[in-house]
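Down below is the structure, laid out as structure tokens.
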Amino acid sequence: MIRKKVLIFGASGQIGRYCVRKFSKENYKVIAATRNKHQKAYLLKTQAPIGYLDIEETNIFDQSKLEELIIKSDICINLVGILFEKGKKNTFKNIHTIFPKILSSICAKNNKKFIHISALGLDKVKNSKYALSKINGEIEIKKNLPNAVILKPSIVYSVDDKFTTKFMSILNLLPIFPLYYNGNTKFTPIHATDVSDIIFNIVDKEIHSKDIEAIGPEILTFKEILEKLLKSINKKRLLVPLPLFFARISASILQLFPSPLITLDQLNLLKYDNIKTENGITNYDINLPSKIYFEKGINEYAYNWREGGKFSIKEN
Ligand SMILES: NC(=O)c1ccc[n+]([C@@H]2O[C@H](COP(=O)([O-])OP(=O)(O)OC[C@H]3O[C@@H](n4cnc5c(N)ncnc54)[C@H](OP(=O)(O)O)[C@@H]3O)[C@@H](O)[C@H]2O)c1
């Protein structure tokens with residue numbers, strides 16, 4: 001029996017697909033909003049049993065369509081986000097500030113619960129349009145809906161990510177790989193399963209009015225992450241510290257590619273640790289500890305990047 005209806009924006013993305021599976025398994029009906037039904041339905045349709053998923057195509061700035069979707073749901077979750085800007089409309093400001101502002105105001109008007117996914121460790125960041133747009137999004141949401149839940153994950157990984165999978169592909173090809181800021185930046189990687197469990201529990205246990213930092217079970221530096229990725233794909237590569245001057249030049253060239261490995265904005269972000277803040281409340285404080293350690297998590301899918309696939313012999 002269907003318990004409640006959850007409307008998810010960005011349902012076709014990495015965290016979104018884990019959420020569709022988790023919510024539908026727990027007998028929630030998911031309304032998945034996407035910009036392109038034909039392109040994304042094949043991804044979404046396989047995530048939930050028949051009757052537990054409706055796919056709705058919408059322009060995220062069409063306010064009357066947004067209201068129509070929100071009215072027929074009990075909870076609204078926003079997972080829409082971008083890593084780099086594209087064209088005049090797909091800007092950080094539009095996606096991370098204006099869209100959450102619109103969504104939260106419609107949720108407030110219709111008295112619906114709203115959960116927004118921002119990102120961890122933005123407060124101290126300088127010179128990043130991404131960080132500024134996410135912070136401004138949080139401010140706008142709080143103005144409209146003080147009891148919205150804002151979840152701030154550290155770096156999220158899974159077989160569906162654009163992080164470990166991309167890095168494993170590149171590490172497979174290149175004999176050397178650059179270490180930005182000497183590889184010392186710290187992260188608390190969290191598996192998409194753990195993130196979707198946290199989101200589900202926020203809904204199911206009716207947690208209100210909290211900024212929650214979503215962190216994994218361990219702190220790893222950028223260099224340690226690369227070393228674990230290399231180990232998991234059975235490759236030895238030279239990890240070379242790249243002076244900032246050259247890092248900036250390479251990022252300014254790479255950001256011209258359609259799906260860049262790194263942009264100047266991301267390079268600025270990478271300078272700052274992505275770990276629990278001093279006074280922040282984390283998933284651990286609300287009794288939702290992360291279960292998956294990075295090495296174990298990536299080993300579930302790293303064989304895709306190993307010669308011989310699943311049956312290759314892994315060197316230690
Ligand atoms: N992944 C991480 O490491 C991480 C860390 C911290 C915070 N977050 C935040 O968590 C949220 C979800 O992350 P994710 O990794 O699941 O992202 P994702 O895989 O990139 O998916 C994001 C979804 O947003 C929608 N979207 C993308 N660009 C859009 C645009 N220009 N206009 C409208 N919709 C657009 C897409 O849905 P359709 O194409 O179906 O419309 C896409 O499936 C984002 O807000 C992200 O910033 C992620």
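The values are calculated or read from the model by the stated rules, or taken from the named source; none is laboratory data. All figures in this text were calculated on a predicted structure; none of them were measured in a lab. Here Cβ is always computed from backbone atoms with ideal geometry, including for glycine, and neighbour counts include all displayed protein chains.
For Lys22, the criteria (1) within 19 Å of Ile141 (Cβ to Cβ); (2) more than 13 Å from the ligand (Cβ to nearest atom); (3) in contact with a Phe, Trp or Tyr (Cβ under 8 Å, 6 or more places away or on another chain) hold in every case but one, which is (1). Among the residues of the stretch 25-57, just one is within 13 Å of the ligand (Cβ to nearest atom), of a type in the set (Ser, Thr, Tyr) and under 23 Å from Asp197 (Cα atoms), namely Thr34. Just to check your reading of the model, which residue among Asp160, Asp123 is acidic (Asp, Glu) and within 24 Å of Ala251 (Cβ to Cβ)? Testing whether each residue is acidic (Asp, Glu) and within 24 Å of Ala251 (Cβ to Cβ) leaves just Asp123.
Of everything in the stretch 94-122, what is in a loop (DSSP other than H, G, I, E, B), within 9 Å of the ligand (Cβ to nearest atom) and over 23 Å from Phe257 (Cβ atoms)? Give them in sequence order. The answer is Ser118, Leu120. Just one of the listed residues (Ile60, Ile77) is of a type outside the set (S, T, N, Q), within 9 Å of the ligand (Cβ to nearest atom), at pLDDT 95 or above and touching a strand residue (DSSP E or B) at 6+ places or on another chain (Cβ under 9 Å), namely Ile60.
Every residue, every condition in (1) more than 22 Å from the chain's Cα centre (by Cα); (2) assigned to a helix (DSSP H, G or I), yes or no:
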residue	(1), (2)
Tyr18	no, yes
Ser24	no, yes
Ile31	no, no
Thr46	no, yes
Ser64	yes, yes
Leu69	yes, yes
Ser73	yes, no
Val80	no, no
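Residue under question is Lys223, and the condition is that it be of a type in the set (D, E, K, R), in contact with a helix residue (DSSP H, G or I) (Cβ under 9 Å, 6 or more places away or on another chain) and under 30 Å from Tyr303 (Cα atoms); does it hold? For Lys223, the condition - of a type in the set (D, E, K, R), in contact with a helix residue (DSSP H, G or I) (Cβ under 9 Å, 6 or more places away or on another chain) and under 30 Å from Tyr303 (Cα atoms) - is met. Return yes or no: is Ile55 surrounded by 14 or more Cβ atoms within 10 Å (Cβ to Cβ) and under 17 Å from Phe99 (Cα atoms)? It is false that Ile55 is surrounded by 14 or more Cβ atoms within 10 Å (Cβ to Cβ) and under 17 Å from Phe99 (Cα atoms). When the stretch 123-162 is filtered for residues that are within 11 Å of the ligand (Cβ to nearest atom), under 23 Å from Tyr284 (Cβ atoms) and either among the small types (Gly, Ala, Ser) or modelled with pLDDT under 95 (or both), the ones remaining, listed by number, are Ser154, Ser158. Among the residues of the stretch 163-187, those that are of a type in the set (S, T, N, Q), within 16 Å of Leu220 (Cβ to Cβ), more than 11 Å from the ligand (Cβ to nearest atom) and in contact (Cβ under 8 Å) with a residue 40 or more places away in the chain comprise Asn182, Thr185.
Scanning the stretch 25-53 for residues being farther than 15 Å from Ser73 by Cα, of a type in the set (Val, Ile, Thr) and out of contact with any Phe, Trp or Tyr (no Cβ under 9 Å at 6 or more places or on another chain) gives a total of 2.
Please work out if Thr91 is among the polar types (S, T, N, Q), surrounded by fewer than 16 Cβ atoms within 10 Å (Cβ to Cβ) and either within 10 Å of the ligand (Cβ to nearest atom) or over 24 Å from Leu264 (Cβ atoms) (or both). So Thr91 does not fit the description; no. Of all residues in the stretch 169-201, those being crowded, with 17+ Cβ neighbours inside 10 Å and more than 25 Å from Lys296 (Cβ to Cβ) number 3.
Within the stretch 4-16, being more than 17 Å from the chain's Cα centre (by Cα) and farther than 22 Å from Glu68 by Cβ holds for no residue.
In the set (1) in contact with a strand residue (DSSP E or B) (Cβ under 7 Å, 6 or more places away or on another chain); (2) within 9 Å of the ligand (Cβ to nearest atom), Leu83 fails one condition alone, (1). Restricting the search to helices (runs of 4 or more DSSP H) fully inside the stretch 214-316 and requiring at least 1 residues that are under 27 Å from Asp194 (Cβ atoms) and under 19 Å from the mean Cα position of the chain (by Cα) gives 222-232, 264-269, 294-299.
Taken over the stretch 1-19, the criterion of being within 16 Å of the ligand (Cβ to nearest atom) and of a type outside the set (A, V, I, L, M) is satisfied by Phe9, Gly10, Ser12, Gly13, Gln14, Gly16, Arg17, Tyr18, Cys19.
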